[in-house]
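A short write-up of the structure that comes next.
Coordinate-derived values only; no laboratory data. No experiment lies behind these values; they were computed from the predicted model shown. Cβ placement follows ideal geometry from the backbone for every residue including glycine, while neighbour counts extend to all protein chains displayed.
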Amino acid sequence: MAARHFLTLNDMSTGELEQLLDHASKLRNEWRQGKIRDSLKNRVLAMIFEKSSTRTRVSFEAGMTQLGGSALFLSPRDTQLGRGEPIEDSAIVISSMVDAVMIRTFAHDTVERFAAASRVPVINALTDDFHPCQLLADMQTYREHRGSIRGATVAWIGDGNNMCHSYINAATRFDFHLNVACPEGYEPSEALMNEHGDRVTIVRDPAEAAKGANLLVTDVWASMGQEDEQKAREKAFRDYQINPGLMAVADKDALFMHCLPAHRGEEISVDMMEHPGSVVWDEAENRLHAQKALLEFLILNRLD
């Protein structure tokens with residue numbers, strides 16, 4: 001049977017995603033109760049990092065250990081990937097020795113080419129275009145705090161980046177409406193907008209996007225690889241900050257999320273992480289549990 005990959009949320013059906021999130025919450029509860037689980041005993045995850053990471057590395061490595069398996073950290077400095085070996089050649093060799101591969105890289109084409117040549121599941125742990133693993137954690141967190149997100153309104157405030165792209169996919173998969181507030185020139189992918197136009201509204205005013213919203217989300221103004229644009233982006237995004245004032249125009253029970261790391265005083269106010277609606281720490285922890293559920297689904301082809 002061909003390996004199942006997870007490169008975007010579109011690689012799973014709505015039913016599979018819902019089941020996965022239910023299982024993730026179960027795994028979180030079991031972990032907090034101290035229950036031992038060895039479902040991935042003797043299984044190995046290769047972790048290829050071309051971008052730096054805190055939450056992604058810790059969550060995948062800890063997750064494999066908690067499930068009885070192990071993880072290998074591979075960087076371009078330490079492998080032939082960094083010396084020009086074709087992606088397909090690396091994929092054939094690495095996938096012959098491990099049970100799954102996760103890749104955190106720049107071009108989305110890299111994970112697509114790797115997956116096409118891999119005999120084992122490949123997970124997109126972030127590219128410049130998409131960040132589906134973060135969306136699993138975000139959707140799990142919303143469900144645990146507010147129940148189903150179906151029919152809700154989500155406000156994305158800031159850059160139309162990889163996180164925004166994954167929220168656009170999520171709007172269709174989880175049946176909510178997404179308001180994107182961004183400055184001119186920083187819109188999400190036109191192709192994605194054409195595909196999901198009935199689910200997404202682009203506005204310029206953050207307050208318009210946030211009005212009555214059930215969830216407010218943002219990300220840093222300059223992502224990895226955009227550091228040279230920092231000053232220009234600070235100017236463009238100076239009015240695109242999530243703060244208590246913006247939360248006040250949202251639904252009274254609205255939640256606030258951020259994939260982290262956060263730049264206090266930029267995309268969020270200095271006090272926003274401590275806001276009563278903030279669930280960023282649960283969101284961060286759920287990277288661990290959502291990915292454990294994902295690993296079991298892809299490697300074992302089951303969720304139980």
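Is there a quick way to get the dipole size of segment 32-121? I mean about its Cα centre, with the Cβ of Lys and Arg at +1 and of Asp and Glu at -1; what is the value in debye to the nearest 20? If you can, show how the numbers build up before the last one.
Working: 13 positive and 10 negative charges, 113 e Å.
The calculated dipole for segment 32-121 is roughly 540 debye.
Amide H neighbours of Ala100 under 5 Å, at least 5 residues apart or on other chains, H built in the peptide plane: list them.
HN-HN under 5 Å from Ala100: Val44, Ala46.
Who wins for biggest fluctuation among Gly84, Gly245, Gly68 in a Gaussian network model of the chain, springs between alpha carbons below 10 Å?
Gly84
Of the options Ala125, Ala137, Gln33, report the single residue whose Cα projects farthest towards the positive end of the charge dipole of segment 21-137 (beta-carbon charges: Lys, Arg +1; Asp, Glu -1).
Checked the options; the winner is Gln33.
Is there a quick way to get the dipole size of segment 134-279? I mean about its Cα centre, with the Cβ of Lys and Arg at +1 and of Asp and Glu at -1; what is the value in debye to the nearest 20? Before the final figure, lay out each step's value.
Values: 13 positive and 23 negative charges, 80 e Å.
With only Lys, Arg, Asp and Glu charged at Cβ, the dipole is about 380 debye.
Towards the positive end of the charge dipole of the chain, with charges on Cβ (+1 Lys, Arg; -1 Asp, Glu), say which of Leu20, Ala210, Thr105 has the farthest Cα.
Leu20
Using a 10 Å cut-off on Cβ atoms, rank the peptides 87-94, 99-106 from the highest mean neighbour count down.
Values: 87-94: 17.2, 99-106: 23.2.
Answer by packing, highest mean first, reads 99-106, 87-94.
May I ask you to order 48-56, 278-286 by the average number of other C-beta atoms within 10 Å around their residues, highest value first?
278-286, 48-56
Over segment 56-190, consider all pairs of different Cα atoms and compute the Kirkwood hydrodynamic radius from their mean reciprocal separation; express it in Å, one decimal.
16.8
Please enumerate, by chain and number, the lysines with C-alpha under 27 Å from the C-alpha of Lys252, excluding those fewer than 8 residues away in the same chain.
Hits, sequence-local ones excluded: Lys211.
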